[in-house]
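To start, the structure itself, in structure tokens.
Any read-out appearing in this document is the output of simple, stated calculations on the displayed coordinates, not a laboratory observation. Keep in mind that this is a model prediction, so the values were computed, not measured. Using ideal geometry, Cβ is built from the backbone for each residue, glycine included, and neighbour counts are taken over all protein chains shown.
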């Protein structure tokens with residue numbers, strides 16, 4: 001598994017628009033063969049902060065995801081909503097062991 005947590009802070013006036021765009025992207029992303037999971041999380045004590053948890057099956061799948069039309073729509077739609085540049089942090093899965101999700 002190839003896991004990235006994308007940390008996002010949006011401008012307060014764009015919270016709802018960001019949620020709408022991100023949920024649409026997530027709904028389409030989970031339909032991709034290479035996406036095992038795609039979560040959209042909003043921080044409780046600071047609703048301007050989000051984490052997108054993306055779990056890919058192979059090392060090539062993140063690049064494939066970025067080639068999709070729905071990703072391009074999301075990227076373009078949220079560009080001006082960001083209070084700061086989004087930041088991705090990659091993780092290795094230790095448990096549970098990869099059982100071919």
Exercise. Return the residue satisfying two criteria in turn: it lies in segment 57-79 and is without any contact (Cβ under 8 Å) to a residue 40 or more places away in the chain and under 25 Å from residue 13 (Cα atoms), and of such residues it is nearest to the chain's Cα centre (by Cα).
Key: 75
Quiz item: In segment 20-56, which residues are assigned to a helix (DSSP H, G or I) and free of Cβ contacts under 8 Å to residues at least 24 places away in the same chain?
Solution: 20, 23, 27
Quiz prompt | Subset of segment 16-50 (residues that are buried (at least 16 other Cβ atoms within 10 Å of the Cβ) and under 10 Å from the mean Cα position of the chain (by Cα)) | solution = 22, 25, 26, 29, 38, 40, 50
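Tell me yes or no: at least one residue of segment 59-69 is out of contact with any strand residue (DSSP E or B) (no Cβ under 8 Å at 6 or more places or on another chain), within 30 Å of residue 97 (Cα to Cα) and surrounded by 15 or more Cβ atoms within 10 Å (Cβ to Cβ). Give the steps one after another, and end with the answer.
If we filter segment 59-69 for residues that are out of contact with any strand residue (DSSP E or B) (no Cβ under 8 Å at 6 or more places or on another chain), which is where we start, we get 60, 63-64, 66-69.
Of the ones still in play, those that are also within 30 Å of residue 97 (Cα to Cα) are 60, 63-64, 66-68.
Filter again for surrounded by 15 or more Cβ atoms within 10 Å (Cβ to Cβ), leaving 64, 68.
Yes, the conditions are met somewhere in segment 59-69.
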Exercise. Return yes when residue 84 is free of Cβ contacts under 8 Å to residues at least 12 places away in the same chain and either loosely packed, with under 15 Cβ neighbours inside 10 Å or part of a strand (DSSP E or B) (or both) and no when it is not.
Key: no
Practice problem: Of the numbered conditions (1) touching a helix residue (DSSP H, G or I) at 6+ places or on another chain (Cβ under 9 Å); (2) in a strand (DSSP E or B); (3) touching a residue at least 60 places away in the same chain (Cβ under 8 Å), residue 7 fails exactly one; give the number of that condition. | Solution: (1)
